[in-house]
Amino acid sequence: HSTHMALRAEIDRGDVWYDDVPIPRMIRHRPTLVLYAEDATAPGGARPLIRWPTTIGGWADQRLEDGSLVQRWKESDVGPRVWRELYAAPTWLPPKTTPDRDLVKNLWNGHWGLKTEIMGPGPHAAYGMTLLVHHEVIKLRDGSERFDDNGIGTHGSASVTSIVNGTSHGCHRLYNQLAVRLADFLLRHRDHAVRGEQPEIYRRVVAHRDERFVAKITTRGFLYELTPPVSINVLKGNIRS
């Protein structure tokens, strides 16, 4: 172990079914995340440090512009990516495609309430306690690089059942305690710059039944930038249908 280790990660998507209608499956090869330390003396030139269960995409309700709901497959991007931005206490900004009903909770007193805990920050947020954004590195003609964010990341989650089932809305979820361990290890063993709290202005009116709520988010979380980024490769997995 050193203050700056040569690390890389690999996510194997495991068995993948693209069924038109989701049905129960016996999944033998589940998605996993492996973090490697480069080591010329090790077989294959790297030593695996951890191998943890994670998630890939799956079916989810999506709201269209006219307000109607459809089921669509939320894909996990395949190919080389990098971990460049690490957020502590991240917040989740619900996109327009998220149904309003997913953002409210029944108070069991005849009223509904805004599900603020899922937006965060906090352990019950959609991104859990930490978030590592998956950036695709695009080489430009002038020799510079652009980092594209397709909304996919590796992050914590309090939804234990989703990790057991191995599915998400496209992101790679980890149990919260493991996501914190991973983030802590990266900050201890990778060069990084502290960017601090990232301000955000997010507003959305959520309507359900006869009640209306205004969701307000003022921060994206506390940002660390890994310098240089950590390479991560998302494998296609075994396409079963």
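Here the 3J(HN,Hα) profile of segment 196-204, calculated from phi with Karplus coefficients 6.51, -1.76 and 1.60 at θ = phi - 60°, is x, 4, 9, x, 8, 10, 10, 9, 8 Hz, Gly and Pro shown as x.
The packing ranking, built from the mean of other Cβ atoms within 10 Å per residue, places the peptides 5-12, 44-51 in the order 5-12, 44-51, highest first. Computed on segment 149-221, with alpha-carbon pairs under 8 angstrom and 6+ residues apart, the relative contact order is 22 percent.
Of all lysines in the structure, the ones whose alpha carbon falls short of 29 Å from that of residue 139, not counting any fewer than 8 places away in one chain, are 74, 236. When you restrict to C-alpha pairs under 8 Å that are six or more residues apart and normalise by the size of the chain, the relative contact order lands at 27 percent.
Once you reduce segment 152-222 and segment 112-128 to the center of their Cα atoms, the two points are 9 Å from each other. Put a plus charge on the Cβ of each Lys and Arg, a minus charge on the Cβ of each Asp and Glu, and nothing anywhere else: the dipole of the chain about its Cα centre is then about 320 debye. Using Cα Rg over 2.2 N^0.38 Å as the read-out, say which of (1) 1.03; (2) 1.60; (3) 1.07 was calculated from these coordinates. Of the listed options (1) 1.03; (2) 1.60; (3) 1.07, (3) comes from this structure.
Against the main long axis of the alpha-carbon atoms of the chain, helix 176-189 sits at an angle near 40°.
What does the charge count around residue 59 come to, taking other residues whose C-beta lies under 12 Å from its C-beta (Lys +1, Arg +1, Asp -1, Glu -1)? Write out the running numbers ahead of the final one.
Working: positive: 72, 74; negative: 19, 20, 61, 75.
Around residue 59, the surrounding residues sum to -2.
Packing, taken as the mean count of other beta carbons within 10 Å per residue, orders the peptides 86-96, 25-35 from highest to lowest as 86-96, 25-35. DSSP finds beta bridges in the chain, and of those with both partners inside it, around 85 percent are antiparallel.
Between residue 16 and 238, 239, 240, the built amide H atoms are under 5 Å apart, and every one of these is 5 or more places off in sequence or on another chain. Can you spot the lysines whose alpha carbon is less than 17 Å from residue 115's alpha carbon? Ignore those fewer than 8 places along the same chain. Result set, ordered by chain and number: 96, 105, 216. Residues whose amide H falls under 5 Å from that of residue 76, counting only those 5 or more places apart or on a different chain, are 57, with hydrogens built in the peptide plane.
Let me have the relative contact order for segment 98-241, percent, based on Cα pairs under 8 Å that are six or more residues apart. Mind showing how you got there, number by number?
Working: 212 pairs, mean separation 25.4, N = 144.
RCO, segment 98-241: 18 percent.
Close amide H partners of residue 167, meaning residues 5 or more places away or on another chain with modelled amide H under 5 Å apart, are 56.
Values quoted throughout were computed directly from the atomic coordinates according to the rules given, and no laboratory measurement underlies them. Predicted model, so just to flag it, every value in this text is computed and none were measured. Neighbour counts run over all protein chains shown; Cβ positions are idealised from the backbone, glycine included.
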